[in-house]
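Accompanying notes for the structure given below.
Each reported figure results from applying straightforward, stated rules to the coordinates on display, with no laboratory input. What you see is a predicted model; the values in this text were computed from it and never measured. All Cβ positions, glycine included, derive from the backbone under ideal geometry; neighbour counts span all protein chains shown.
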Number of protein chains: 2
Amino acid sequence: MGAANGRRIPEATVARLPEYLRLLTESLDAGIANVSSEELADLAGVNAAKVRKDLSYLGTYGTRGVGYEVEYLIYQVRRELGLTHDWPVVIVGAGNLGQALAGYGGFGQRGFPVAGIVDIDDAKVDSVIGGVRVRRLDDLAAIVRSQQVSIGVVATPAGAAQEAADRLVAAGVTSILNFAPVVLTVPLGINVRKVDLAVELQILSYYEQRRAAAAGAGLAAVPTSSHRGASA
Amino acid sequence: MGAANGRRIPEATVARLPEYLRLLTESLDAGIANVSSEELADLAGVNAAKVRKDLSYLGTYGTRGVGYEVEYLIYQVRRELGLTHDWPVVIVGAGNLGQALAGYGGFGQRGFPVAGIVDIDDAKVDSVIGGVRVRRLDDLAAIVRSQQVSIGVVATPAGAAQEAADRLVAAGVTSILNFAPVVLTVPLGINVRKVDLAVELQILSYYEQRRAAAAGAGLAAVPTSSHRGASA
DNA sequence: CCCTGCTTGTGAACGCGCTCACGAGCGGCG
DNA sequence: CGCCGCTCGTGAGCGCGTTCACAAGCAGGG
């Protein structure tokens with residue numbers, strides 16, 4: 001057998017699995033029953049060997065000479081990612097971003113229903129966003145307990161983010177997705193991921209700046225890495 | 001002299017520079033004139049040697065025995081990231097996310113004013129979000145040209161993302177920030193960054209799942225990596 | 001039943017980024 | 001003016017992730 005189940009999977013691979021899962025689901029919907037690592041690699045815009053190595057961490061689910069059975073592979077990826085059941089999430093902060101997240105149906109469809117959204121501002125409480133009623137910040141613990149929430153989303157302004165995280169942790173949440181531009185301090189064992197939209201723009205800005213500088217110096221622009229994705 | 005200016009900077013470093021910049025700006029606002037690499041590292045939740053190596057790519061701006069002058073370092077980081085001038089961005093898609101991005105003031109404050117937002121749905125056209133009027137998709141090229149936009153944001157549903165990207169490229173945009181769960185195909189030389197909110201949740205789900213599995217097997221939970229950030 | 005063609009799974013090599021450790025050099029004090 | 005302490009800048013070593021290349025092995029046809 002190859003890499004047995006239960007092994008630790010490299011973080012880089014974990015980050016790619018959701019993408020594979022999405023592509024596999026699309027393929028299944030399109031009536032495709034089998035995919036080769038090369039086909040999947042083309043769809044994802046990566047190397048075929050990387051796809052095979054990534055999938056080999058899950059177990060030996062391919063058939064030599066044929067490829068992978070889409071439906072079975074979907075099941076295995078979902079199982080490995082822990083997506084065999086839903087993970088309700090609670091959102092702290094009903095501002096622009098919090099509202100957009102709550103209203104964005106994609107979360108629920110992908111297995112992350114919004115169990116609740118809370119805000120410190122009483123003026124926002126009781127308004128309904130995407131079918132979910134905004135509740136008081138003090139209700140956070142009750143929501144987490146009653147719906148067994150383990151993932152919290154921080155969508156507050158920067159100044160309120162640390163307290164939001166503290167409250168989430170106190171309520172029993174063990175994973176946090178942080179959208180505030182702040183480095184959160186959390187106890188060991190709590191998993192935090194940060195998404196900073198402005199940072200992404202600043203990274204793009206760097207390469208734009210670089211391109212402009214190169215052009216100004218009369219040099220050929222360095223071709224930036226660009227995905228070679230599916231053309232469908 | 002150390003690493004000269006104009007050198008290529010590793011991508012991992014580029015991704016951290018915006019975070020340093022944010023922390024430095026906060027420090028300056030707090031009246032701090034000098035920081036050591038260790039102080040900055042603590043704030044950012046990383047290793048001090050990493051901070052020094054990262055900053056050394058910009059040039060030799062520290063003073064041995066003293067540290068870095070905050071104001072001067074801010075200037076240098078901003079210059080390297082191309083943030084000495086604003087980068088207007090255009091948003092395609094005025095749905096939940098597009099509205100939130102347009103309404104979120106943080107973009108403008110950080111040097112990325114919203115030059116325009118367009119949508120294919122005429123019902124949304126002419127509504128005003130965050131001080132910006134929604135315009136027709138066909139106006140995209142005019143917006144890009146008149147305001148010299150080089151960065152586009154794709155905030156459409158998955159099905160419309162590729163066409164949105166094609167139109168952005170055709171209009172002259174050279175960098176794209178993609179929020180749609182799709183791998184975009186773009187010509188060489190166009191820089192694409194992708195942010196998929198559901199993917200972030202799925203990554204958290206993996207570690208939650210793993211924790212649950214370990215606990216179920218009677219094993220001690222593996223402590224997940226957690227930032228040791230500033231407590232302010 | 002054997003042979004051919006195709007695709008997986010994986011050892012090996014490579015390259016990048018992170019960490020360590022220390023020499024270089026500045027500022028301040030006596 | 002010389003010494004001391006502190007912090008930067010960076011070469012060296014290490015570990016992880018990516019890529020390459022190929023043996024293993026399945027399916028299908030003759």
- [ ] Tell me the label-point distance for the pair B:Ala48, A:Ala212, using the 7 Å Cα-to-Cβ offset, in nm and rounded to one decimal.
- [x] 3.7 nm
Task: Inter-label distance for B:Tyr75 and B:Ala142, nm, one decimal - labels placed 7 Å from Cα along Cα-to-Cβ - done: 4.2 nm
Open item on the list: What whole-number volume per residue, in cubic angstrom, does the convex hull of the C-alpha atoms of chain A give?
Closed with: 173 Å³
Task: At 7 Å out from Cα toward Cβ: A:Asn47 inter-copy label distances (nm, ascending) - done: 2.4
Open item on the list: Could you identify which residue out of A:Gly111, A:Gly93, A:Gly31 has the top mean-square fluctuation in a GNM of chain A using Cα springs shorter than 10 Å?
Closed with: A:Gly31
Task: Among B:Tyr206, B:Tyr75, B:Tyr57: highest mean-square fluctuation, GNM of chain B, C-alpha pairs under 10 Å - done: B:Tyr206
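Can you tell me the convex hull volume per residue for the protein assembly as shown, based on C-alpha atoms, in Å³ to the nearest whole number? Don't skip to the answer; put the middle values down first.
Details: hull volume 78.2 nm³, N = 464.
It is 169 Å³ per residue.
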TODO: Tell me, for the rotation carrying A onto B, which chain A residue has the beta-carbon closest to the axis and what that distance is in whole Å.
DONE: A:Ala100, 2
Open item on the list: Restricting to bridges with both residues inside the protein assembly as shown, how much of the DSSP beta-bridge set is antiparallel, in percent to the nearest 5?
Closed with: 25 percent
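For segment A:1-113, report the translational diffusion coefficient in µm²/s to the nearest whole number, using Stokes-Einstein at 4 °C, 1.567 mPa s, and a Kirkwood Rh over Cα pairs. Don't skip to the answer; put the middle values down first.
Numbers: Rh = 15.4 Å.
D, rounded to a whole number, is 84 µm²/s.
Per DSSP helix of 4 or more residues, -39500 (n - 2.57); summed, then divided by the residues of the protein assembly as shown. What does that give at 222 nm, rounded to the nearest 500?
Working: 18 runs with 204 residues, N = 464.
Value at 222 nm, helices only: -13500 deg cm²/dmol.
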TODO: Go ahead and run the numbers for FRET between A:Asp121 and A:Thr63, Cβ-Cβ distance against an R0 of 45 Å, rounding to 0.05.
DONE: 0.20
Task: Residue of B:Arg110, B:Arg145, B:Arg211 that the Gaussian network model of chain B assigns the largest fluctuation, springs spanning Cα pairs under 10 Å - done: B:Arg211
Task: Using a 7 Å Cα-to-Cβ projection, A:Thr60 label spacings across copies, nm, ascending - done: 5.7
TODO: Compute the FRET efficiency between A:Leu28 and A:Ala158 as 1/(1 + (r/R0)^6), taking r as their Cβ-Cβ distance and R0 = 51 Å, and round to the nearest 0.05.
DONE: 0.80
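Please quote Rg/Rh for segment A:88-184 to two decimal places, taking the Kirkwood radius as Rh and restricting both calculations to Cα atoms.
On the way: Rg = 11.8 Å, Rh = 12.8 Å.
Rg/Rh for segment A:88-184 comes to 0.92.
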Open item on the list: For B:Gly216, place a label point 7 Å from Cα along the Cα-to-Cβ direction in every copy; what are the distances to the other copies, in nm, shortest first?
Closed with: 5.8
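If you count the DSSP beta bridges with both ends in chain A, what percent of them are antiparallel, to the nearest 5? Don't skip to the end; give the middle numbers.
Values: 6 of 25 bridges.
Beta bridges within chain A, antiparallel portion: roughly 25 percent.
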Open item on the list: Which one, A:Ala115, A:Thr84, A:Tyr206, projects farthest toward the positive side of the charge dipole computed for the protein assembly as shown from Cβ point charges (K/R +1, D/E -1)?
Closed with: A:Tyr206
